[in-house]
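The values are calculated or read from the model by the stated rules, or taken from the named source; none is laboratory data. Computed from a prediction, not measured in an experiment: that's the story for all the values here. Here Cβ is always computed from backbone atoms with ideal geometry, including for glycine, and neighbour counts include all displayed protein chains.
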Amino acid sequence: MTVGPTPGADLAKIGTGQLIRHAGTAWRLCWRAGPGPAACQLVISGLAGLLPSGTAWLTKLLIDALAAGQPTAVLLGWAGGLAAVGLTAGALPHLTGYLQAELGRRLDRLMQDQLYTAVNGFQGLSRFENPAFLDQLRMATQAAGGGLGPVTTGLFDTGRNMLALVGLLATLAVLSPVMAALVTVAAVPVLIARLSLSKRRVTLLAGLSATSRRQIFYSTLITDVAAAKEVRLFGLADFVRQRLLGELSTLHAGERRFDRRDALTQALLAVLSAAVAGLGLVWAAMSAADGRLSIGDVTAFVAAMAGTQVALIGLVDNLAVAHQALLLFTYHGAVTALPDDLTPPGRAIADADADAEATLPALRHGVELRDVWFRYDENHPWVLRGVDLTIPYGTSVALVGLNGAGKSTLIKLLCRFYDPTRGEIRWDGVDIRDVPPAELRRRMGVLFQDFMNYDLTAAENIGMGDLAALADRNRITAAADRADAHTIIQGLPRGYDTMLSRIFFGPGDGDDPEAGVALSGGQWQRMALARTLLRDGRDLLILDEPSAGLDAQAEHEVHRRLREHRAGRTSLLVSHRLGAVREADLIVVLRDGRIVEQGRHEDLIAADEGYAQLFAVQASGYRAEGEVSISG
């Protein structure tokens, strides 16, 4: 099971050149997300970068004019210039803040679109069952939108600080080249230390990703309604809370270690900056006393010295935070660059004649599994061991077996959520690996045993089975009727428009108690079955335990309707309840990943092997409890 590169394990190997390429990619994303706001912010950043040096020189000129007793008009001119610079400096941050927020929102939408488009492009399930990939995905979500801001919108701050720094260093160089060089050199260890800290922070986040996911899991157990029943029934509240606090303590311990190191480093850097500033002030005072600097020069020097340090600290902060954001961005880039986890169509078989996708014909002969072996990972045991099975066109096949026999795995292979480790599955002779998975799945109607309950309306819950029918109420009601769910839905407060959730209300619902309802397990079972039956007319119907949550009477009615619906259709029914499969055209018994029996019900009973014994056990259980006969 391959999930692709995991940047968190190789942060130390990410070089400057790679980060620069990532920065270029990030900037192109920023420009693509909002060219207008980006252009405006570029102009404003340039203007803002010139303000500190302009302030220093205008202050010098005003003070020198005052000392020289120049005319009032000259004084007013310099003072007016200072006032204009001050007004501009006061207004620009607010405009910049708005532009950054707007650009951040647009970038957030674009990056999340890219990330989830890439994730939706993974046609199989293997990556979603791999902890390494889940950690990688979690880090990638942190890089989206606001997480990339220091590289994109923060680039404008970097440009502004660079311009300010150049202007202020030029001012310092005119007054004292030695002090200008000293301030610049003192910034180097600050930059190195901050970059090192940013890399350590991302490494910490990557290392604690699994811990964070566990903490979120325990938090969900405490707050989610689906878990609330068992948590309270079994008295798990304190146990789960302690587990949550344990994971939280681990997270906090890692953060605390980093924060201590960060605080010590920052304190040492602050002492260095203060020492340089103090040295500069001593030099300026002595130079003024010797007459080498005028009062205006001293004022300009002090302003330039302070402004230079502010600009340097800002620039170092910009670069350090951008460095951290770029390291996080490697996860976003890694996830969005991953190929599909299934073999591309046309390349599945080593001796394939061409790379072109095959055409999936309308099913007219059947689906055939040829010597299919499968395991989820090379370190795990085999789940299927050389399965040979044909599902003939127009027939109903039932798959039975004990838990762990491989029934659900076989369904996942038919849906091509995984590819066989060995062997092949053919659809009218076409290897299903040679056609796009979406095309294969479009031809199927499938009810999974672990079906979804959507926090949507009743109509939408059914309509999820075929989005083309979402607005077709006639098709939705027909599917509900076939699943014996129509009467249930009509009895809801708002019929098909009833929200099947109490988690949130719809617009305008307020505190209306009829805005949402909670269904029982059996009612949800019917909703899921209706969702599957909405895909009427598909080539292959697969039903995995379609009546698992139903009572005996409802089960009898649902299977009666399903027998009518499956008549003449190609279908595969999986069920532990053997009375529900006895009328299938072919019954296949799976044990330990192998087919051990197959035939019609009467033939298997006559053989008096595993199927017959299991059927007798179930039948005797029904009779002993005085319930409806299993043959019902």
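The table for this structure:
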| item | result |
| --- | --- |
| Complete set of residues in the stretch 54-97 that are of a type in the set (S, T, N, Q) and in contact with a Leu (Cβ under 9 Å, 6 or more places away or on another chain) | T55, T59, T88 |
| A288 vs. criteria assigned to a helix (DSSP H, G or I) and either exposed (fewer than 15 other Cβ atoms within 10 Å of the Cβ) or within 46 Å of the chain's Cα centre (by Cα) (or both) | no |
| Only one of G235, G278 that is among the small types (G, A, S) and assigned to a helix (DSSP H, G or I) | G278 |
| Residue in the stretch 428-445 that is closer than 30 Å to I503 by Cα, in contact (Cβ under 8 Å) with a residue 24 or more places away in the chain and crowded, with 17+ Cβ neighbours inside 10 Å present | yes |
| Residue in the stretch 405-440 that is nearest to E129 (Cα to Cα), counting only those that are in contact with a Pro (Cβ under 7 Å, 6 or more places away or on another chain) and β-branched (V, I, T) | V435 |
| Only listed residue being over 41 Å from the mean Cα position of the chain (by Cα) and over 11 Å from T395 (Cα atoms), chosen from G579, G568 | G579 |
| Pick from the stretch 238-267, criterion of a type in the set (A, V, I, L, M) and without any contact (Cβ under 8 Å) to a residue 12 or more places away in the chain, ranking: farthest from K199 (Cα to Cα) | L245 |
| Of all residues in the stretch 399-413 being hydrophobic (A, V, I, L, M, F, W, C) and surrounded by 20 or more Cβ atoms within 10 Å (Cβ to Cβ), the one that is modelled with the lowest pLDDT | A405 |
| Qualifying residue in the stretch 455-468 (condition: closer than 14 Å to A530 by Cα, among the polar types (S, T, N, Q) and modelled with pLDDT of 90 or more) | yes |
| Selection within the stretch 455-488 - of a type in the set (S, T, N, Q) and either touching a residue at least 12 places away in the same chain (Cβ under 8 Å) or surrounded by 20 or more Cβ atoms within 10 Å (Cβ to Cβ) (or both) | T457, N461, T477 |
| Set A275, A311: member being crowded, with 22+ Cβ neighbours inside 10 Å and within 16 Å of A181 (Cα to Cα) | A311 |
| Those residues of the stretch 495-517 which are more than 21 Å from A226 (Cα to Cα) and at pLDDT 90 or above, in sequence order | G495, Y496, D497 |
| Test result for F451, crowded, with 17+ Cβ neighbours inside 10 Å, of a type outside the set (G, A, S) and closer than 27 Å to L604 by Cβ | no |
| Among (1) loosely packed, with under 12 Cβ neighbours inside 10 Å; (2) touching a helix residue (DSSP H, G or I) at 6+ places or on another chain (Cβ under 8 Å), the one test that A263 misses | (2) |
| Leading residue by the ranking (modelled with the lowest pLDDT) among those in the stretch 228-251 that are of a type in the set (A, V, I, L, M) and surrounded by 15 or more Cβ atoms within 10 Å (Cβ to Cβ) | V231 |
| Test: residue in the stretch 565-581 that is among the small types (G, A, S) and at pLDDT 90 or above | yes |
| Number of the exception - R561 against (1) within 42 Å of the chain's Cα centre (by Cα); (2) among the charged types (D, E, K, R); (3) at pLDDT 85 or above | (3) |
| The one condition in (1) in contact with a helix residue (DSSP H, G or I) (Cβ under 6 Å, 6 or more places away or on another chain); (2) surrounded by fewer than 17 Cβ atoms within 10 Å (Cβ to Cβ) that R422 fails to fulfil | (1) |
